[in-house]
Structures are given as C-alpha cells and as structure tokens.
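To start, the structure under review is shown below, and the notes come after it.
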Amino acid sequence: MFSVDKQSLQSLSALALFTFAFLGSEFFFDSRIGLLISAEGVVGAQAMILGASVVGFLAYAPISKLAGGRRALRAVEAVGAIAALVTIAVAESALAMQIAGCIAFFLLGSLGAEAHWSMARAFEGSPSLAKGAGAAYAAGILLQFLSNQFVPAGMADAAVLCVGVAALAVFAAAGEHDGESAGQAAADSSQQTAPGGAKTAIRAVWLLALVVLLACMFSTLDNVVTLANAQGSISVETWPRLFLAASGLAAGVLFDIRERRYMGFIMFAVTVLSTISILAVEAGASPVIGLIVFYVSSGFFVTFFTTTFLQLAPRMRTPQLWAGMGRAANNLCAFTVSGVSMMLTQSGIAAVMIASLILFVLVSVAFIGAGLFRLPSTVGEREAIQAGLAAAAAPTPEEMQAEFISRSGLTPREEEVLRAVTADERPLKQVADDLGISLRMVQRHLTSIYSKTDTQTRAGLTRAFFGK
C-alpha cells in the first residue's frame, strides 16, 4: 500500500502503541472502577481521565522544552504511567483508582503527543499520510482486541498494558534525532518551516471547532456504549472492535485518493450516516446495527482528525503542540459534555432528534469554514501553476539582451555594431556601409566586443547575445 523507511516505521509503531495503550487502559480503568461504583458513575470517572489526558497533550510541548526533550523524560513518563496502572489494578477504593487513572492518562497524553509529533515529522509531505494514520490506528485496535481475547482480566491485563506503555516510550524516544533532543528538533522544525500565517491559523480554529462538534456527536453514542457495557448488556471488547480497525484502514485508503482532495467530502458523508444512525437507534432500530454504524463511523472520524492535524502541524508556529491536537480536542469534548450527553441519551427521542439536527447544522458550517468543501490542487496542477508563474516572471528577450550589453560594458557604438552583426549574416563590408563607418572600424569594434563578451566568432557572439 505504501513504503516506509526506518523513521516512518518507528513513528507508525509509536502511534499504534499509543492507540493500544490509551484505549486499552481506558477500558481497563472502566472495568476496574465499574466494580466499585454505578454504571452512571463509570461514565463520569471516564470523563475525568480523558480530561487528564487533554492536559497531558497540551503540557507535552512546554514540558519537553523545559526538560530539554531528553529521552529520559519518556522513561520517567512510562514508569509513572506503569505505576499508576498497577495501582488501578490493586486499589480497593474508587478514589484511589480515580487519582491513579488521572495520573496514568496525563502521562499517556504526553506520550501520545510525542507519538503524534514523531508521525508528523516522519510523514510531512507524504501522499500516504492518511494511510499511515489509519494503519497505526487499526494496528492499535487489533492489539487491544487480541489482548481482550487472550489475556485474562486482572493483573495479567495490567501487565500487558504496562508492556505496551514501555514499548510506546521506546518507540517515541527513538523518533528523536541522535545527538539532539525532541525539544530542539521541534524548535528547528518550527524555524525551518514557514508559518502558514493568518489564514492557516483561522483554518486551524475551524478544524478544532469541527472536531469538537463531531466529537460531541460521537460522544453521545460512546456514552451509550459505555453505559451498556457497564451494565453488561453488550461487550465492546469483542467483535465490534474489528469494525474500528477495518474502518480505520478503509478511511486511510479513501482519504488519500488524489492527495486527500476528497477527504472532507468523504467525512461529511460519514457524518450524515452517523446522524441518521443516532436517530434510527433512538427510534427503535436494532442496537447491533447502530453499534456497527457507530464503530465504522468512529474509525473514519479518528483517522480524519489524526490526519488533518498531522498535516496541519508543520505549518503552525508550535508544530509539536498541534500534531496531536485532534486527539486532545476529541478527549476534551468527551470530558466536558459527558454529563450533558448522558442526560440527552436518557431524555427520549425528541430531545435526541433536536440535538442531532442542531449538531448537524453546526458541523456543516464548520466543514465550510474549514474549507473542506474546496478541492485542493494536485501536484500536477500546482506544477502547472508554478510553471506559469515562472514563465510570467521570466525576463523578455529584450531585457536579456539589455542585461547582456550592460554586463559586458559595451559602448553605444559597440552596441550598434553588435546588433548589426548578430541581426543576420550580412558581410562585414555591408554592415560598415549600413552603419556609415569603415570596414576597419567595424573590425576594430568587433575585436573589442569579442574580448568583452568572452566570445571568439560571430556565430558564438550571436548565440550569447540571444541566449541560445
């Protein structure tokens, strides 16, 4: 599907391991704390750890800068996250689990920001960026699926997650350049990449708004799934996860068509499908069908916001902050609207229908504001435009000849002789007669012209004068 070098493979591995560790730890936390509190309480507890992960994402850039971005920082974060996961596994109080969960997800957020920034550096300008994002997401989901299928719950599950966190830290640190820190690499990239300016900043704001609005739409369904899982009516760790992996891969392939020209249109179509599925499920459609649509749409959504901000980050003034901003915005929305969405889900079909339609209108506006309904130019089109601009900026033949005369330091009479002898192949005697001077004078001027223009023959002088 696409070729990768060592740096790209390391960044893909880091992002896949982040997806596995983050989603696996989220499910592990929900399962553990669900033994001590109500199903509704699990949703609130989950919102708290997601909020902590947002802080971790946003804190990555300043912490790396202060710490010099040393690889040791990744090791400290990994050790802290592992200790917090072990605490979740052995804690007997909900408060202890909640505190440990917030610590774990703060550190996972920081590690995730490093994984996203590594991916943005490795795939900058790549036509396979969406495929890479989709493949990393699918790999992480498959790892979580296999873990849930074959690893017993409890300490064994925690041990696998701890191994995943350690591997994430290793691959994230491997993305740092030899002999320089991640903070230094980020600073260098920021200086070498020309910022996109006001238009890019405005587009970034619209994209953030779009991700938040889409996350609100998916958060409601996610809370339904979380609540049903906590109540034991469904099991989200089994086959539905395969739809997430498949949809992530499919999204990557579809998004990358014609250099991601149609990514916005495809995501909008998925949004329409998701809106319909919300209304259908609330109206009494089979929960299994709704679950399938939700997971398929979620895979597209994650690949969309990951690709969008990985693509945008290098053009921002603080690229290492923006690389993972899609994931941070998604988690922030899940943290802030969990209570509202839970009440909405329990308020009946009328409330869900009105809220879904309002969200759909706002999402449509955000799609337009972010410019996702405008087709970007392809490489061929950009090359044609550049060729046209270069041709328009190229000097005219008259300008090139004037520059040749000025550079050679020819006198006005030498310029006359030059133009006369290069205009055609007339004999020098006729040139002399036309200019009203003697043949000897024409020959003397021509000798001087040869010397000043570093030419030796009339034919060579003609080629140099006309730039042939």
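The values are calculated or read from the model by the stated rules, or taken from the named source; none is laboratory data. The structure displayed is predicted, hence computed values, not measured ones. Using ideal geometry, Cβ is built from the backbone for each residue, glycine included, and neighbour counts are taken over all protein chains shown. When the accessible area is computed, the model is the full protein with side chains, heavy atoms only, and any ligands, DNA or RNA have been set aside. Shrake-Rupley method; radii C 1.70, N 1.55, O 1.52, S 1.80 Å.
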Q | Unique match (being of a type in the set (Gly, Ala, Ser) and surrounded by 15 or more Cβ atoms within 10 Å (Cβ to Cβ)) among Ala402, Ala432 | A | Ala432
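Condition check: small (Gly, Ala, Ser), closer than 17 Å to Leu332 by Cβ, at pLDDT below 90 and surrounded by fewer than 23 Cβ atoms within 10 Å (Cβ to Cβ). Does Gly51 satisfy that? Even if it seems obvious, please write down each step before you answer.
Values: small (Gly, Ala, Ser): yes; closer than 17 Å to Leu332 by Cβ: yes; at pLDDT below 90: no; surrounded by fewer than 23 Cβ atoms within 10 Å (Cβ to Cβ): yes.
So Gly51 fails the test.
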Q. Across region 310-358, what is the number of residues that are modelled with pLDDT of 85 or more, more than 17 Å from Leu213 (Cα to Cα) and assigned to a helix (DSSP H, G or I)?
A. 10
Q.
Of the conditions (1) crowded, with 16+ Cβ neighbours inside 10 Å; (2) modelled with pLDDT under 75; (3) not acidic (Asp, Glu), Phe367 satisfies every one except a single condition; which number is it?
A. (2)
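For Leu375, state whether it is modelled with pLDDT under 90 and either of a type in the set (Gly, Ala, Ser) or in a loop (DSSP other than H, G, I, E, B) (or both). Spell out how you get there, then give the answer.
Numbers: modelled with pLDDT under 90: yes; either of a type in the set (Gly, Ala, Ser) or in a loop (DSSP other than H, G, I, E, B) (or both): yes.
Against the criterion (modelled with pLDDT under 90 and either of a type in the set (Gly, Ala, Ser) or in a loop (DSSP other than H, G, I, E, B) (or both)), Leu375 qualifies.
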Q: Report, by residue number, each residue of region 440-461 that is open to solvent by less than 50 Å² (accessible area, probe 1.4 Å) and of a type in the set (S, T, N, Q).
A: Ser448, Thr453, Thr455
